[in-house]
Each structure stands twice: as C-alpha cells, then as structure tokens.
Amino acid sequence: MATGVETPKQVAMADLKGKVDPDWCPGCGDFGVLAAVQKALVELQIPNHNVVTISGIGCSSNFPGFINTYGMHTLHGRALAVATGVKLANHQLTVLVTGGDGDGFGIGGNHFVHTMRRNVDLLYIVMDNQIYGLTTGQTSPTSRLGMKTKSMPFGNLEAPVNPISMALAAGATFIARGFSGEQKHLTELIKHGIQHKGFSFLDVFSPCVTYNLDNTYQWFRPRVKKLEDDPAYDSTHWLAAMEKSLLWGDEIPIGKFFERTDVPTLHGAEPVLNEGPLVDSGMRIPPDAARKFIEELM
Amino acid sequence: MRQTFAVGIGGAAGQGVATPGDIFAKIFSRRGLHLNAYNAYQSIIRGGHTFLTIRTGPQKVTNMGDRIDLLIPLNQDSIDRHLRLLTAGAACIYNADTIKPGVPAEGVQLCPLPVSDLADITRNKVAQNTLAIGAGLNMMGISFQALENVLAEQFKKKGDAVVAENVSIARAGYDYAASKFKPFERPLPMTEHRYAVLSGNIAMAMGGAAAGVKFYCAYPMSPSTGVLHWMAAHARKAGIMVRQVEDEIGVVNMAIGAAHAGVRAMCATSGGGFALMSEGLGMSAMMETPVVVIDCQRAGPSTGVPTKTEQGDLWQMLGAAFGDYPRVIAAPLDIGDCFKLIPEMFNIVDRFQCPGIVLCDLLLSEGRLSVDPKDLNFNSQIDRGELITANGVPVGAGTNGAYKRYKITESGISPRAVPGVPGHTHTASTDEHDEDGVLISDEFTNTVKRRAMMEKRMRKAMGIEALIQAPALKGPPNSDVTLIGWGSTNGVIEEACEILNEQGIIANQLQIRWLVPLHGEAINDILKGSRHTIIVENNYSGQFARYLRSESSYVPNGYIRKYDGEPFMPHHIVEAVKEQLTGKTHLSVPAHEVMV
C-alpha cells in the first residue's frame with residue numbers, strides 16, 4: 001500500500017488520538033485493538049490524512065471516531081461495500097475497515113464474502129466478541145452453541161460460523177487471528193495486514209466484559225496458541241490453514257493462518273486505473289471518444 | 001397533423017423481431033427522419049409475443065402513436081392479435097405459406113408473400129423477415145440502395161456470401177411488391193438532418209460520462225440493465241470504473257464510498273433494487289456525500305411485470321429512507337432529456353451534498369428515439385460545489401482544528417474535504433454528529449446540536465428550489481382543458497393536445513420534470529387560470545396527484561390513469577378528455593386495445 005510521502009512530519013501517537021475518548025465499557029477488548037492500530041500506523045509511519053478508517057454499526061464500529069484519520073461511520077453491515085468504493089476511487093489511500101462480528105458476519109455477510117473474492121486491497125479488522133453488545137446482549141453469528149443470551153434465553157440452537165474457514169473458502173489472500181490481550185502480537189498482525197497487497201482479514205478476540213461472560217480474557221488466555229511459535233506451520237499452505245482454522249477448544253490458534261501474494265488486487269487488475277487514481281483523473285471525455293460514442297448511434 | 005408512418009413487427013421471442021427493427025430504424029434515420037421505437041415484450045428468452053412499433057416522420061415523433069401503417073406478423077399469433085386493429089390505408093405483409101390472415105377492416109391491404117417460391121427457406125431461416133423488409137420498403141417508396149447499404153453493414157461480420165444472400169432475398173421481396181402490391185399513398189420524405197438513435201438507458205449512461213462520472217456500479221435488473229451494459233462496454237475508453245456488485249445494497253454503498261473519496265458516482269436500478277438501496281440514500285444525506293441513483297420504473301409491486309412500464313415508484317422515492325433530509329428527484333421528459341438531466345443533477349447534488357434520484361421508466365429506458373447529435377453535449381458545465389481536494393486547499397478553508405466538516409452555514413452547505421487532504425481529517429458519520437463530525441449520541445445527546453444540524457441540512461432544500469426551473473405551461477392559453485403530467489408522458493400528452501386542438505377542443509399541457517423540490521406555489525399560480533384540469537399518469541392511485549395535493553393543496557377536475565403495463569397512446573388521452581369534459585366521469589382508465 002502507498003504510504004504518502006509528501007508529509008515530512010514524523011507520525012506520532014499524539015497525531016492519531018481521536019477528537020473524543022472511546023466510550024467503550026471499562027475493560028472492553030476494543031481498547032486494545034485501537035491502541036494496536038495506532039501503534040501499527042506509527043511504526044509504519046503512515047500519515048493520518050492518507051488513512052481512511054471505515055466502520056459499520058455496533059460498539060466496535062464507533063472506532064473511527066476514536067482515531068484521528070479520515071473516517072466513515074457507515075451503515076450496519078455495509079462498511080466493506082463503502083470501503084471498496086473508497087479504495088477504487090483513490091487506491092493511494094490506506095483503507096482500514098473496523099467492526100464487529102454481528103456487523104461483519106451477520107447483516108454484512110454477503111459483502112464479507114464478495115469483498116474477499118474480489119481481493120480489494122484493505123485491512124478488515126473484526127473485533128469479535130461473540131455477542132451483540134450495543135443492543136445489550138443478543139446472540140451473534142459467532143456465539144457458541146448453547147450460549148444463553150437475552151434473545152436465546154434457553155440456549156443458542158444455531159452453530160456459530162467459523163470466520164477463518166469462511167475467509168479461506170472465499171479467497172481472502174491474508175488471513176489472521178489476534179487477541180486483544182496480546183498487544184504486541186496484534187500490532188504485528190495489523191502491520192502485516194496493512195502491508196499485504198490484497199484483502200487482509202484479521203479476526204480479533206475482543207472480549208465483551210459486560211454481556212459475554214463465557215468468552216472472557218481468562219477463558220482465552222490459556223487457550224490461545226501462536227501459530228508463529230510452531231516452526232513447522234506453513235502459512236502459504238491453504239489446506240494446512242483450513243485444518244488449523246477448525247481447531248477450537250483447549251487450543252485455539254492465533255496468528256497468521258494464510259497468505260498468498262500472487263493474486264492481483266482489484267484496483268491493480270483494472271486497466272482504467274493504470275494512469276493513477278480515479279480521483280485524480282480528468283472528468284471530461286476526450287473529444288475523439290465522445291464523437292465515437294455518438295457515431296455508434298447513427 | 002404531423003405526417004408519421006408506423007411499422008409494427010410481431011413474433012415470438014427468438015424469431016428475429018429485433019433485426020428488421022434495427023434495419024428499419026437505420027434506414028429511417030438515414031433519410032433524415034425522426035423515429036420513436038417501443039418494444040412490447042415479456043420476460044422470456046424464447047417464445048411468447050413481442051411487438052415492436054417503429055414510428056417515423058419528418059417532424060419529431062414523441063410516442064408510438066395510435067395506428068400501425070404496416071404490420072409484419074412473423075407468426076400466426078401475431079396476425080391474430082394485430083390484424084383486427086389495422087384501419088383503412090394500412091397494409092399487412094405476411095408469409096402466405098404459414099399464416100392464415102383472417103378478414104381485415106375495409107381499406108386494409110393484405111400482402112401475402114409466397115416465401116418458399118421467392119427464397120430458399122431451407123438455407124435461410126429468417127428469409128420471411130428479409131423478404132418482408134424488402135417488400136415494405138418498396139411500398140414506402142424507398143430506394144433499394146438504402147436497404148442494400150444497411151444489409152451490407154448488418155451482415156458484414158458474417159462475410160460477403162451472407163451479405164449477398166440477404167441482399168438477393170431482399171431484392172426478391174422488393175421486386176415482388178413492386179408488381180403485386182399497392183404502394184402507400186404518402187411516400188416517406190427525405191430531409192438533410194441526421195439523427196442519433198438511442199435508448200433512454202444509453203442516454204443516461206452517456207449523460208453520466210458527460211457529467212464526469214468516474215464510478216458506476218450496478219446489479220442487473222430490468223429495465224435498468226442497459227445503463228450497465230453501455231457503461232461496461234465503454235468504461236475503458238471513457239475512463240470509468242464499472243463494477244457489477246453482489247446486490248443493490250452493496251451497489252449504493254459502494255457508489256457512496258467512491259463519491260466520498262471524491263469522484264462522481266452513479267448507479268441505476270428498478271423499484272425492487274431501489275427498495276434495497278433506501279437506507280443508503282439516508283446515509284448519503286446524513287454524511288452529506290452526493291450520489292446519483294437512477295430508478296427505471298417497471299410495473300410493481302414486488303417483482304411485478306418486469307418488462308412493462310409504469311410510473312408507480314414516485315412515493316417510494318418520496319419516502320425512501322427514514323427521517324427528514326434534503327433530496328432531489330427529477331423525471332426526464334424524453335430520451336434526449338435522459339442525457340441532459342444527468343449532468344444537471346450532478347451539479348445540484350455536488351453543490352448541495354445530498355442524494356439525487358433520476359426517476360425514469362421502462363418506456364424511456366428501453367424505448368428508442370432519434371436525437372439531434374448536437375443535443376448530446378459532452379461539454380456541459382461541471383460544478384463540483386465547495387469541494388476541497390488534494391490538488392488545492394482553498395484559502396481560508398482552515399485546517400485541523402479550524403476545519404469543521406459540518407460547519408453550520410446560512411446555506412446549509414459546508415465545504416467538503418475528501419480523504420487524502422492534509423489537515424482536514426474528520427469522520428463522516430451516519431449517526432447524528434456535531435460540526436466537527438463527532439457523534440452526539442456517544443455520551444450525551446444534545447438537543448441544541450441535533451436541532452442545529454437538522455436545520456443546517458434542511459436549509460439546503462431552499463437553495464435547491466431556488467436553483468431549479470419552475471414548470472411552464474405549453475400550448476395555447478385560455479384552454480378548455482389543461483393536461484398535467486410528469487416525466488415520460490410528455491410526448492404522448494403533447495400529441496393528445498394537438499389532436500384535441502385539431503378537433504376544436506383547446507388543450508394545453510403542464511409537464512413536471514423536477515419533482516422534489518416541487519414548485520407548489522408556481523404550479524398553483526399556473527393552474528389558477530385553467531378552466532378544467534386533468535392529471536394524466538401511468539399508475540393506479542394517482543401518485544403524482546396525491547403528491548401535488550400534499551405540496552400545494554391543488555385538486556384537479558379529473559384524472560386519467562393507466563396501470564396495465566403498457567404506455568398511453570394519444571387516443572387514450574383524447575377520448576378520456578372528451579368523456580370528462582361532458583361530465584360523464586372524473587376518472588378515466590383507458591383500456592389498452594392491443595394484447596401485448
């Protein structure tokens with residue numbers, strides 16, 4: 001991704017501080033994700049005016065307001081569609097999409113699948129807390145089977161989706177999982193996802209301390225195992241990644257599951273963008289072309 | 001009365017109705033004649049009944065008219081449906097081997113072609129079509145050379161042998177007619193003019209290109225898909241990014257994303273797709289990111305009649321998305337206007353940073369019209385409004401913390417910085433926000449801020465109303481009757497007025513192009529002087545009549561409505577006006593006599 005070179009000023013944490021402080025519940029996993037994103041942008045030295053942070057609706061979707069970049073706080077489930085438009089109109093921008101599991105895998109499931117197969121060059125961070133928080137605690141697409149919530153008080157009858165396997169099946173070219181409780185590791189994954197040319201999917205365990213008392217920090221900590229700690233694991237191997245993605249229980253892998261770099265990005269594949277971003281291209285149809293368009297009709 | 005001549009070609013889908021249609025259209029337009037083409041068809045790829053009407057003449061032809069002069073039925077079903085509707089002076093050319101004609105009205109000439117004698121039908125499956133074209137052109141008094149040229153172009157890609165074969169079949173039909181059939185009384189004239197022939201969908205796509213649209217996306221839906229097809233085919237030459245998206249929700253959101261990043265973005269759909277887009281319209285309004293959405297109306301509700309026309313989406317447009325917000329809605333008056341309206345709409349929505357809706361319908365989207373190439377202007381004015389781009393930050397625009405994206409201004413318009421501009425970072429939000437873009441619902445909602453932002457956005461509506469043109473009365477003053485219509489009925493109402501005037505009933509017309517904002521007071525002032533007013537529209541409930549009443553309290557004397565899927569023909573309106581002027585009724589629903 002382009003990192004905008006025209007600003008000589010060094011990018012510091014203070015530049016990325018939002019106009020208001022986050023209003024998440026104390027202890028919410030999303031704080032850790034916000035800090036990791038800010039750290040990643042500082043470490044990569046990407047000026048804030050070249051970054052667009054785009055979200056849908058939900059607790060975690062309030063993210064763009066808490067970071068000083070260009071931001072869009074769009075509709076529930078629609079962030080990826082909006083982000084695709086932004087990226088195609090100006091592919092020099094670094095596009096980050098942030099949201100939750102309900103936003104991304106429930107109401108936005110259709111866009112999730114299609115944006116991955118298009119290999120749109122952006123980083124999609126899902127703050128996955130396995131619950132609907134902002135609507136005060138209902139079952140989400142990643143809530144475990146049997147989990148009791150306000151909307152399913154007798155236990156969830158529906159099996160959860162597996163976001164990592166879904167991303168693999170849909171053709172995402174960078175797929176990783178992080179944990180809000182593992183700051184340094186998460187920051188590295190975010191940096192990697194930003195730098196990857198293509199669709200980067202990062203599912204982050206970001207515990208909801210108010211409404212999900214099942215999947216807490218304490219629950220995750222002993223279970224998460226970094227893929228990076230296994231020297232035998234080959235993240236270019238799709239089948240191996242698919243197999244790892246199915247692990248859930250006493251051992252839950254985090255880290256980079258999969259990456260391939262041989263798939264063209266959507267903006268890279270479209271010759272219309274060869275001359276540069278659309279936003280910088282002239283608005284007038286060349287007179288020769290315009291004349292031909294009319295002659296075809298005569 | 002204008003001199004016009006209409007050819008009707010009927011057959012099953014897949015029988016090749018389109019090719020003779022294209023050939024006639026080319027020959028007419030190259031003679032310098034105007035033309036209007038309308039294809040009545042069904043949602044079927046093979047079979048059913050398709051009926052193409054091409055009406056031509058030396059003056060502007062605004063609709064399909066009331067009569068067919070030459071009927072070419074390609075199968076028995078087509079002659080059974082249409083022969084009975086021909087009147088004196090008309091002719092019917094048909095394949096005598098396969099079709100039994102029945103008894104036509106007096107003065108209608110039956111022209112049987114002995115197809116298997118004239119051509120080798122084992123070699124050429126559509127020989128009957130080509131023979132009929134040759135015969136028809138002879139009867140219209142058009143030289144064979146004109147047909148030969150068009151056939152050469154039409155079949156060029158298939159090689160010289162195919163061209164020669166088709167020319168010889170056409171020649172056989174042409175010569176046969178010369179010896180056996182009576183020519184039409186008034187041969188078609190020639191003029192020095194040259195026209196482009198295009199559909200409303202092509203016109204809107206080209207209008208978008210002329211407006212500087214750089215991003216177009218869509219999900220296929222009849223009758224809007226033609227816009228996508230033109231855009232996709234011309235994208236690379238026009239420098240436009242064209243995407244087919246997974247659904248219309250994705251479409252509108254992607255278009256808004258592109259618009260937000262600073263390009264002009266457009267999309268088109270029909271009523272069902274638009275329903276999916278409506279939440280996005282609200283986002284465009286709330287974020288103050290301009291986008292243009294075209295709705296090509298078809299007969300609803302729900303999937304409805306996918307291949308038939310209607311003006312039934314007006315209230316969907318008026319009510320699209322919840323909450324109050326400024327929007328612009330305009331309905332093009334004809335296919336030429338489909339082109340012209342798009343750059344106008346973009347200038348308004350860019351300036352006022354709100355969504356714009358172009359309310360077209362199947363009649364214009366898929367119909368074809370001759371348009372003077374000069375009216376397809378690729379150099380119309382482009383006004384992007386108060387836009388701050390990386391190419392130039394205007395003096396005084398301020399930077400962080402002086403820059404406020406949603407600054408409260410008298411006009412309601414706040415200078416818009418696009419992502420990438422240093423010093424202007426902000427968040428655009430669908431949540432209510434303050435001048436700085438900060439969500440007011442995050443901690444403490446604030447009634448003062450909420451009210452101020454509502455009023456700021458809504459002030460833009462006044463600016464829009466002041467900018468757009470109020471409607472004007474067409475035709476003689478002091479009329480016996482004023483016909484009020486909107487959008488695509490412009491041409492047919494105009495012709496109905498002409499016919500009424502010839503018959504001694506003084507009629508004039510008020511056609512509405514800008515629907516929102518609606519110039520309610522101006523309309524009231526105009527209609528004050530009318531003795532009898534009738535609102536004509538292509539829907540069941542009188543959607544425009546109800547809207548006009550809500551905006552101006554105006555109640556007309558009567559209504560003419562049609563909701564059978566087919567457009568108005570001039571005589572439908574003429575007869576209904578006469579019926580209403582005698583006081584028999586104030587609501588007429590003309591029956592469509594042609595079973596298509």
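Values in this text are rule-based calculations from the coordinates and carry no lab data. Just so it is clear, the model here is predicted, and its values are computed rather than measured. With ideal geometry, Cβ positions are generated from the backbone for all residues, glycine too; neighbour counts draw on all protein chains shown.
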Taking Cα atoms, how many degrees apart are the long axis of helix B:543-552 and the longest axis of chain B, rounded to 10 and kept between 0 and 90?
-> 40 degrees
Cβ-placed point charges (K, R +1; D, E -1), dipole of the protein assembly as shown about Cα centre in debye, nearest 20 = 720 debye
Set of lysines near residue B:456 by C-alpha distance (under 19 Å), chain-local residues within fewer than 8 positions excluded = B:404, B:407
How large is ³J(HN,Hα), in whole Hz, for each residue of the range B:57-69 in order, when computed from phi with the Karplus curve 6.51 cos²θ - 1.76 cosθ + 1.60 and θ = phi - 60°, using x for Gly and Pro?
-> x, x, 9, 3, 10, 9, 7, 7, x, 9, 10, 9, 8
Add -39500 (n - 2.57) for each DSSP H run of 4 or more in chain B, then divide by its residues: what number comes out at 222 nm, to the nearest 500 deg cm²/dmol?
-> -11500 deg cm²/dmol
What angle do you read, to the nearest 10 degrees and between 0 and 90, between the alpha-carbon axis of helix B:248-260 and the longest principal axis of chain B?
-> 60 degrees
Expressed as a whole number of Å, what is the distance separating the alpha-carbon centroids of the range B:553-596 and the range A:100-178?
-> 54 Å
Take the Cβ-Cβ distance between residue B:84 and residue B:59 as r, set R0 to 30 Å, and report the resulting FRET efficiency rounded to the nearest 0.05.
-> 0.55
Sketch the reach of a paramagnetic label on residue A:110 as a point 7 Å from Cα along Cα-to-Cβ, and name the residues of the range B:186-226 whose backbone nitrogen lies under 12 Å away.
-> B:219-220
Counting other C-beta atoms within 10 Å, which of A:76, A:49, B:193 has the fewest, and how do the rest follow?
-> B:193, A:76, A:49
Cross-link reach list, lysines versus residue A:226, counting only Cα pairs under 30 Å and skipping chain neighbours closer than eight places | A:17, A:39, A:148, A:184, A:191, A:197, A:244, A:256
What are the principal axis extents of the Cα atoms in the range B:299-412, in Å, biggest first?
-> 54, 40, 23
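Kindly give the semi-axes, whole Å and largest first, of the ellipsoid equivalent to chain A, taking each as the square root of 5 times a Cα gyration tensor eigenvalue. Write down the numbers at each step before the final one.
Working: eigenvalues 233, 91, 81 Å².
For chain A, the ellipsoid semi-axes come out as 34, 21, 20 Å.
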With Cα atoms, 0 to 90° folded angle of helix B:200-211 axis to chain B main axis | 40 degrees
Ranking B:485, B:520, B:582 by how far each Cα lies towards the positive end of the charge dipole of the range B:473-588 (+1 on Lys and Arg Cβ, -1 on Asp and Glu Cβ), the top one is B:520
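In debye, nearest 20: dipole of the range B:208-277 around its Cα centre with unit charges on the Cβ of K, R (+) and D, E (-)?
360 debye
Take every DSSP beta bridge with both residues inside the protein assembly as shown and express the antiparallel ones as a percent of the total, to the nearest 5.
Working: 34 of 117 bridges.
Restricted to the protein assembly as shown, the bridges split so that about 30 percent are antiparallel.
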What does the charge count near residue B:387 come to, summing +1 for each Lys or Arg and -1 for each Asp or Glu among other residues with Cβ under 11 Å from its Cβ?
-> +1
Using only Cα atoms, locate the centre of the range B:272-334 and the centre of the range B:205-263, then give the distance between them in Å, rounded to an integer.
-> 16 Å
Any GluC sites (Glu not before Pro) in the range B:538-596 that lie in a DSSP loop and have at most 15 other Cβ atoms within 10 Å would be B:593
Normalised per residue, the volume inside the convex hull of the alpha-carbon atoms of chain B in Å³ amounts to 163 Å³
With point charges of +1 on the Cβ of Lys and Arg and -1 on the Cβ of Asp and Glu, referenced to the Cα centre of the range B:5-180, which listed residue (B:151, B:110, B:139) lies farthest in the positive direction of the dipole?
-> B:151
The answer for residue A:138, listing residues at least 5 apart or on another chain whose modeled amide H is closer than 5 Å to its amide H, is A:132
Spatially proximal lysines relative to residue B:125 (Cα-Cα < 28 Å; intrachain offsets below 8 disregarded) = B:26, B:100, B:156, B:157, B:158, B:180, B:182
Cα centroid separation, the range B:407-458 to the range B:154-192 (Å) | 66 Å
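If I take R0 = 41 Å and measure r between the Cβ atoms of residue B:191 and residue B:123 in this structure, what FRET efficiency does the formula 1/(1 + (r/R0)^6) give, to the nearest 0.05? If you can, show how the numbers build up before the last one.
Values: r = 38 Å, r/R0 = 0.93.
Efficiency, rounded to the nearest 0.05: 0.60.
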Inter-chain shielding of B:198-206 (mean C-beta neighbours from other protein chains, 10 Å cut-off) = 2
Among the DSSP beta bridges whose two residues both lie in the range B:473-588, what percent are antiparallel, rounded to the nearest 5?
-> 10 percent
About its Cα centre, how strong a charge dipole does the range A:1-117 have in debye, to the nearest 20, once Lys and Arg get +1 and Asp and Glu get -1 at the Cβ?
-> 260 debye
Membrane-span-like helices in chain A: DSSP H runs reaching 24 Å or more (Cα, own axis), mean Kyte hydropathy at least 0.0?
-> none
Furthest towards positive pole of dipole, B:335, B:321, B:231, structure part the range B:200-368, Cβ charges | B:231
Give the relative contact order (percent, whole number) for the range B:200-368; include only Cα pairs under 8 Å separated by 6+ residues.
-> 29 percent
Give me the percent of DSSP beta bridges within chain B that run antiparallel, rounded to the nearest 5.
-> 35 percent
